[in-house]
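The values are calculated or read from the model by the stated rules, or taken from the named source; none is laboratory data. Note that the structure is predicted; figures quoted are calculated from it, not measured. All Cβ positions, even for glycine, are placed from backbone atoms using ideal geometry, and neighbour counts span all protein chains on display.
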């Protein structure tokens, strides 16, 4: 039996100020947006918390450039390929969850679907996402690379969202919702697979400090 030893760097410390800043900033942003439902946007309980959250996140970004052991080294997110993949995932995630929210209300309130039937109605989109993700990972990306696949997926997903604006109270699932969901899932699968292949791109390592002369 071979025994392996893991060498740990004991010189790295937890960035406690950075952890507190980013946690408090995200809490203020989430709580501020949540207050927009029960309070007016002009209420200090809404815009005040959003402003405080923005200031805290800005302070977190500044602190990451000063501390010796940053919680989130900025060189990770400023790497071109990795930053582009993060933005692509952010945009696609926002669009996908927006569709989930809108269609959940539409299917239950307008078409009278039960919660279980509503959940099953989204399964074709998930299936299309999985199929196109596998096809892109095994065939498209090895041949053309991930960069052309992302705008292709975004174009397909955008077309599905525009198509979805034609829904009204006379629409049916099979004719007016299912096709849009399949097209949207196909676009999302292309985006996710290509973005995930770009995200692990190795960023330039931080230049180690030169040894002190003895």
Matching residues in the stretch 151-170 - criterion: being within 21 Å of residue 120 (Cα to Cα) and touching a residue at least 24 places away in the same chain (Cβ under 8 Å):
157, 160, 161, 164, 167, 169
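Restricting attention to the stretch 22-38, and to residues there that are exposed (fewer than 15 other Cβ atoms within 10 Å of the Cβ) and over 20 Å from residue 71 (Cα atoms), which single residue is modelled with the lowest pLDDT? Reasoning before the result, please.
To start, the set of residues in the stretch 22-38 that are exposed (fewer than 15 other Cβ atoms within 10 Å of the Cβ) comprises 23, 26-27, 30, 33-34, 37-38.
Narrowing further to those that are over 20 Å from residue 71 (Cα atoms): 30, 33-34, 37-38.
On the way: 30: 91, 33: 89, 34: 87, 37: 78, 38: 82.
Looking at the filtered set, the residue picked out is 37.
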Quick check on residue 92: is it part of a helix (DSSP H, G or I), at pLDDT 85 or above and not assigned by TED's automatic domain parsing to the domain that holds residue 179?
no
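Can you tell me which of 56, 111, 29, 20 is under 18 Å from the mean Cα position of the chain (by Cα) and farther than 30 Å from residue 147 by Cα? Let's see the steps before the verdict.
Values: 56 fails: under 18 Å from the mean Cα position of the chain (by Cα); 111 fails: under 18 Å from the mean Cα position of the chain (by Cα); 20 fails: under 18 Å from the mean Cα position of the chain (by Cα).
From the options 56, 111, 29, 20, the qualifying one is 29.
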Please state which one of 134, 141 is in the same structural domain as residue 101 (by TED's automatic domain parsing), modelled with pLDDT under 90 and in a helix (DSSP H, G or I).
141
